[in-house]
Structure formats: C-alpha cells, structure tokens
Amino acid sequence: MKILLLSDLHTVIENDHDNMSSSRLHLDPSGSGEWGNGLIKYIEGQNVKYDLIVCCGDIANRGCKKSFSAGWKFLNNLSARVPSAKLVCVPGNHDHQSRSDPKDIESGFSPKHQLQFCSPSFPFDCHTKNTHFWAWNWALDDSFTNANLLLLNTSAYHGFSDEFKHGRVALETVDQIEKRLEEIVEPKAINILICHHHPQRMEHAHSNYDGQQMAGGQKLLHSLQGVDKGPWLILHGHKHYACISTASSEGQVPPIVFSAGSTSAKYKDLIENQFYTFDLDLEETAEQERIVGTFETHQFTTGGGWSPSTSSSMPAKSGLGSKKNATTIIKKIQRLLETEAFLEGSELTEINQELGYFLPKEFEKFTNRLASKSLSADIDKSNQFIFQIGPKNA
C-alpha cells in the first residue's frame, strides 16, 4: 500500500498581501498557483502509483473561507493527476472558525459551517459518511480491502471558550469509536488513524511545555489498542515538526505515530517544508501483526526546489520499525567479519534491508555505536545504507 502524505498547507489566496508571508502556497480561486503547480508536477514525476493521498488538516490559513476553498481545490487537482489514489483529509484548527467574532454570533455562528457547505464536499464525496463525520466528529472508512481508515476531527470543539489552544476527542467519542471497532468481524492488515492534533504531548518538538495535544488522546490510544483489531499507524500534523515515534502502550506492538511537518507553511527559518511517501507491506504487516514498511521524505529548499530530504530529523529514506535492534545487527556484522577483511555489496544485502526498516533514531543509534565496537563504515545516512564496513584502523 502506497500513501502520499501532506499536511498543514496554510493556503493563502493570491494577492492577500497581509498573509503572503505565512505560506509558500499562494493559489487563485481554482486552486492553481505557480508553487503549488510545481509541487504537483514534482509528485507526478516520482511515477509512484499511490493508493491514498492524505492531508492531516490546516488546508486553510487562519479560518479563511476563500483559502480553504482554494486549498481544497488544489488537493482535488492533485488527486485528479494521481487517479489511482483516493483522497482522504481531515480538518485542522485553521480550517474551522476557531475564534468566534461577535459579528458572526449576531448572524449565527458555527465553527464548521464553511466546511460542511464547501464544494467539492468535504471530507468525503459520500453524503452518508459526511453526515456521520460532521454529526459525531469521526468516521470509519472500511472501503479498502486490507485497511481501515479512521478519520477524526480533533478541532470539533473550536470556536468556544479557549478550545482553540488545543485539540480534543471527547471521552464519549472514544467509547463510540471503540464500540464500532469491536463490531469488526474480520480484522484487516492495518488500521490508520488520520487526525490533525497529536494524541500525546510533544515537548521535545520545540523545547517547551506542550498543551496543544488532543485532550482525551491518551484514552483514545488505550482504546485503539484494547479492541485488538490489528496494528495502528497514526498520521497527524499541527506541530509543523516532523518526527516518528511509538505511542505509549501496554502491549508489545505500540502504534506508530507519524508527525508530519508542514508542506508549505512559512515561519521564519524554523520550518522545513516536506511531504512523505509510505510503502507499506500489508502481507508482512498482517503476518507479523506489526507495521512493516518504509517511508521517504521530500523537502523544499529555496533555490533548490523539491528533492529527497537532507534533514537531520527525517532522512530521505527510513523505516517504520524493525524486529531487530542495533546490537543484533552489529553482532551479525562482527560474525561475518571473522572470515572477511571487510563487507560490501551483496554481502550486506540482508543487513541493509533490515536497516532500511529502522526508525530514524534507531539508525542513528546504530551508526553511533559502530566506533565503540571498533568498526568503521562508509554509510549513506540519508538512505540508511552501508556501502562498506570493516574493522577500525584495518
């Protein structure tokens, strides 16, 4: 299963000079713009047959109705150019009217009104699914043979009090989702939760206390694992901070949580604009009851355009987790070096294949340990690949 992931577009309408500096994605009302069209062309040029195109919210900027309409049309334009893929999106806080205005209240105020009445319909093209999503703030899409998609609106309570400061999933909503998942008779290979806010704190992201996570997120994580319907991949945005981690868990196979960076928002020089592609092996995922797959990161640089990532946090190619760890891989290398002066090429095929599944931080741990084990290697860190390895000072 191949997934294209974007998030936090923060679309700005062309000639909106007050907000031009907020985003690279400047669009006309039809969803067309030079930078956005270039992104679509780059994605097309990758020649990947995607099954899913996912956007984790904040399509609009600052609740602007026109920017949401243009951004949503942009995503539909992208989807039309990748006809093999189904477009799946959730709203973010910038898509809702998160901060009520007294003028709006006088004429009737609803944080989600503009999202319910946009064209094309959002987030589904199915009236029944949309009705369920906007009534209950979530919907389960079980139309894929080997995957369940759970779409959750974590900004559903925005527009009132200080809810705009964080996400929320109501505890009753978690119970409702749990009950629906328990009704599944035949579990599928993978379950994917798509939401905007992060389910657990991310104080490592910007070295500050985090109060923006979804309230109720910990209960949600507990419930998703408790129903025992297969492994979970959680895709979210909001923080504009790219990282991959495992969720807190009482089991041996915790959900994989992927925090997507922003595709196009601009914030001084602190944001790396990225999008991601996932290659999930659903046969192995079902067999091992854990997510087996890899992902690639593409990054935009001023003057250089889009290219495979050179970021220290998200390499060009990485994995979603391995059954092996740094110690077991190093021990295998040491055993092979008992009869060889060094290892390269086909001698490293199995090792490189396993390293490709390592999480970025696990691969970093592996490379950092080589010197302490008296090993020296020629490594492509961006692609988690060893060209050659042998004894240090040999």
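A few comments on the model shown:
- Gly356 being crowded, with 19+ Cβ neighbours inside 10 Å and within 28 Å of Ile192 (Cα to Cα): no
- Scanning the range 46-63 for residues that are touching a helix residue (DSSP H, G or I) at 6+ places or on another chain (Cβ under 8 Å), at pLDDT 95 or above and in a loop (DSSP other than H, G, I, E, B) yields one hit, Ile59.
- Residues in the range 143-170 that are under 11 Å from Gly217 (Cβ atoms) and surrounded by fewer than 24 Cβ atoms within 10 Å (Cβ to Cβ): His166, Arg168.
- Residues satisfying the stated conditions in the range 147-173, i.e. of a type in the set (S, T, N, Q) and more than 19 Å from the chain's Cα centre (by Cα): Ser161, Thr173
- Scanning the range 167-196 for residues that are part of a loop (DSSP other than H, G, I, E, B), touching a residue at least 24 places away in the same chain (Cβ under 8 Å) and not small (Gly, Ala, Ser) yields Val169, Ile184, Pro187, Lys188, Cys195, His196.
- Among (1) at pLDDT below 95; (2) under 20 Å from the mean Cα position of the chain (by Cα), the one test that Lys66 misses: (2)
- Checking each residue in the range 350-382 for being outside any strand (DSSP E or B) and either of a type in the set (Lys, Arg) or more than 23 Å from Arg290 (Cβ to Cβ) (or both) picks out Lys361, Lys365, Thr367, Asn368, Arg369, Leu370, Ala371, Ser372, Lys373, Ser374, Lys381, Ser382.
- Criterion violated by Leu140 - all others in (1) in a strand (DSSP E or B); (2) more than 20 Å from His222 (Cβ to Cβ) satisfied: (2)
- Residue count for the range 21-45, restricted to those that are of a type in the set (S, T, N, Q) and at pLDDT 95 or above: 3
- Qualifying residue in the range 90-105 (condition: crowded, with 18+ Cβ neighbours inside 10 Å and modelled with pLDDT of 95 or more): yes
- Some residue of the range 196-217 being at pLDDT 95 or above and either out of contact with any Ser or Thr (no Cβ under 6 Å at 6 or more places or on another chain) or surrounded by 22 or more Cβ atoms within 10 Å (Cβ to Cβ) (or both): no
- Filter result for Thr154 (in contact (Cβ under 8 Å) with a residue 12 or more places away in the chain, of a type in the set (Ser, Thr, Tyr) and farther than 20 Å from Arg62 by Cα): no
- Some residue of the range 81-89 being in contact (Cβ under 8 Å) with a residue 12 or more places away in the chain, more than 21 Å from Ile192 (Cα to Cα) and in contact with an Asp or Glu (Cβ under 9 Å, 6 or more places away or on another chain): yes
- Looking only at residues in the range 16-50 that are crowded, with 19+ Cβ neighbours inside 10 Å and not hydrophobic (A, V, I, L, M, F, W, C), the one that is nearest to Asp279 (Cα to Cα) is Tyr50.
So that you can scan it fast, the table gives a plain yes or no per residue for (1) closer than 30 Å to Pro231 by Cα; (2) in the same structural domain as Cys243 (by TED's automatic domain parsing); (3) surrounded by fewer than 12 Cβ atoms within 10 Å (Cβ to Cβ):
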{"position": "Glu287", "(1), (2), (3)": "yes, yes, yes"}
{"position": "Thr297", "(1), (2), (3)": "yes, yes, no"}
{"position": "Ser307", "(1), (2), (3)": "no, yes, no"}
{"position": "Pro315", "(1), (2), (3)": "yes, yes, no"}
{"position": "Glu347", "(1), (2), (3)": "no, no, no"}
{"position": "Phe363", "(1), (2), (3)": "yes, no, no"}
{"position": "Phe366", "(1), (2), (3)": "yes, no, no"}
{"position": "Ser376", "(1), (2), (3)": "no, no, no"}
{"position": "Phe385", "(1), (2), (3)": "yes, no, no"}
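The values are calculated or read from the model by the stated rules, or taken from the named source; none is laboratory data. Nothing here was measured: the structure is a model prediction, and the numbers come from that model. Methodologically, a virtual Cβ is constructed for each residue, glycine included, from the backbone with ideal geometry; neighbour enumeration extends over all protein chains shown.
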